[in-house]
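What follows is a set of notes on a single structure, which appears directly below.
Rule-based calculations on the coordinates, nothing more; no lab input. No experiment lies behind these values; they were computed from the predicted model shown. Here the Cβ is made from the backbone with ideal geometry for all residues, glycine too, and neighbour counts use every protein chain on show.
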Amino acid sequence: MFLYCGIACRRKFFWCYRLLSTYVTKTRYLFELKEDDDACKKAQQTGAFYLFHGLAPLLQTSAHQYLAPRHSLLELERLLGKFGQDAQRIEDSVLIGCSEQQEAWFALDLGLDSSFSIRASLHKPEMETELKGSFIELRKALFQLNARDASLLSTAQALLRWHDAHQFCSRSGQPTKKNVAGSKRVCPSNNIIYYPQMAPVVITLVSDGTRCLLARQSSFPKGMYSALAGFCDIGESVEETIRREVAEEVGLEVESLQYCASQHWPFPSGSLMIACHATVKPGQTEIQVNLRELETAAWFSHDEVATALKRKGPYTQQQNGTFPFWLPPKLAISHQLIKEWVEKQTCSSLPA
Ligand SMILES: NC(=O)C1=CN([C@@H]2O[C@H](COP(=O)(O)OP(=O)(O)OC[C@H]3O[C@@H](n4cnc5c(N)ncnc54)[C@H](OP(=O)(O)O)[C@@H]3O)[C@@H](O)[C@H]2O)C=CC1
Ligand SMILES: [Mg+2]
């Protein structure tokens, strides 16, 4: 038994080591590309490009899923040539990752005004025909992508949006220049460096011990409820934001909280979602919904939430005119937070 465990542990260690080694190699490679413009330009020669138009990614449909095609530099140059564009436009691309074999992946938006192009925005329908795909709003496509493409396209969109919005130095008013990877922009007149930013957002699943609190904003799809979310204010810690948001939105006071996980979220313009579980003071569970922020909020039992987690779309209107109660899909961190709460409740209700 001891020997078996020893071998198993060593195997596990060896496996972890191999994983870590690939990860470290990839990370160091990406670091080099961000730091060294020449290395990054070289990586474009053998790299692959994800294409966007007005921040909407190019997607192809395959059996209820979207696929994000990649194009080589040669294909991209041919495409730009066909549409009368200068290959210099490729300088607008941003590095978003790489494969385990160190094929660098870039994203390029052909629909935003380019610093290099006279005919700025390429004609969308013609390009869609040429590329055998469609430029689809990321919000509509995100949940029909596999996890890797969803993550890459979210990063790409947030980074492309940031570059588009930071073309000028806020101090000198002069045009800023991006490095080849797109990990920063510099103002040539005063050397101020601008780095891409994201807004920290907390997302909190409040529980009173047996029930959890879910809410709706009027902008949510009909029937969908989620955990409470809110942007961090300047000067706040994550704990302070959670306490404030819960008080502001549902009029309750948080007693304790526990970190769960985090996720990059591309909406509205690149957020870091920090997910936590929270409990409220016993006996103080009366909800007072802030109607400026939420449409409604309510306590839900373990069984109601567990059933909703298993429910599959489409969530169409029922005969009585209402919509079924459903929860955000797997890719959203709120789903993970709610699922974790259900699992914890299930475990704690099992006999010891
Ligand atoms: N991934 C997931 O599972 C989930 C993600 N979310 C995301 O969490 C985010 C925050 O949730 P929400 O409840 O809307 O937040 P808040 O409760 O903080 O309310 C949103 C309002 O805050 C103001 N605001 C303050 N700072 C910012 C900022 N940096 N960027 C944009 N608006 C700001 C805006 O007001 P004004 O318009 O008046 O200026 C906005 O309408 C949303 O972007 C949402 O997409 C939410 C739930 C689940
Ligand atoms: Mg909110």
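Assorted remarks:
- Considering only the chain, percent of DSSP beta bridges that pair antiparallel, nearest 5: 75 percent
- Dipole orientation for the chain: of the candidates TYR195, ALA229, SER72, SER72 has the Cα lying most toward the positive pole (charges on Cβ; Lys, Arg +1; Asp, Glu -1).
- Semi-axes of the equivalent ellipsoid for the chain, Cα gyration tensor, largest first, Å: 40, 26, 23
- Region 18-113 - Rg and Dmax from Cα coordinates, angstrom: 14.6, 47
- For the cross-link pairs LYS34/LYS339; LYS184/LYS330; LYS281/LYS344; LYS26/LYS140; LYS132/LYS222, the ones whose C-alpha atoms lie over 25 Å apart are LYS34/LYS339; LYS184/LYS330; LYS26/LYS140; LYS132/LYS222.
- Neighbours of CYS169 by Cβ distance under 12 Å: Lys/Arg scored +1, Asp/Glu scored -1, total +3.
- Mean separation of Cα contacts under 8 Å, 6 or more apart, over the residue count of the chain: relative contact order %: 13 percent
- Dimensionless Rg over Rh [region 151-298; C-alpha; Kirkwood]: 1.09
- With a cut-off of 9 Å between beta carbons, the residues surrounding ASP233 carry a summed charge of -1, where Lys and Arg count +1 and Asp and Glu -1.
- For region 149-163 versus region 34-77, the gap between their alpha-carbon centres in whole angstrom: 12 Å
- Among THR204, THR241, THR316, THR61, a tally of other beta-carbon atoms within 10 Å of each Cβ gives an order, fewest to most, of THR316, THR61, THR241, THR204.
- About the centre of its Cα atoms, region 179-304 shows a dipole size close to 600 debye [charges on the beta carbon of Lys, Arg (+1) and Asp, Glu (-1) only; nearest 20 debye].
- Rounded to two decimals, the Cα-based Rg/Rh of region 32-194, with Kirkwood Rh, is 0.96.
- Here is how the number arises for the chain: DSSP H runs of 4 or more residues each give -39500 (n - 2.57), the sum is divided by the residue count, and the result at 222 nm is -11500 deg cm²/dmol.
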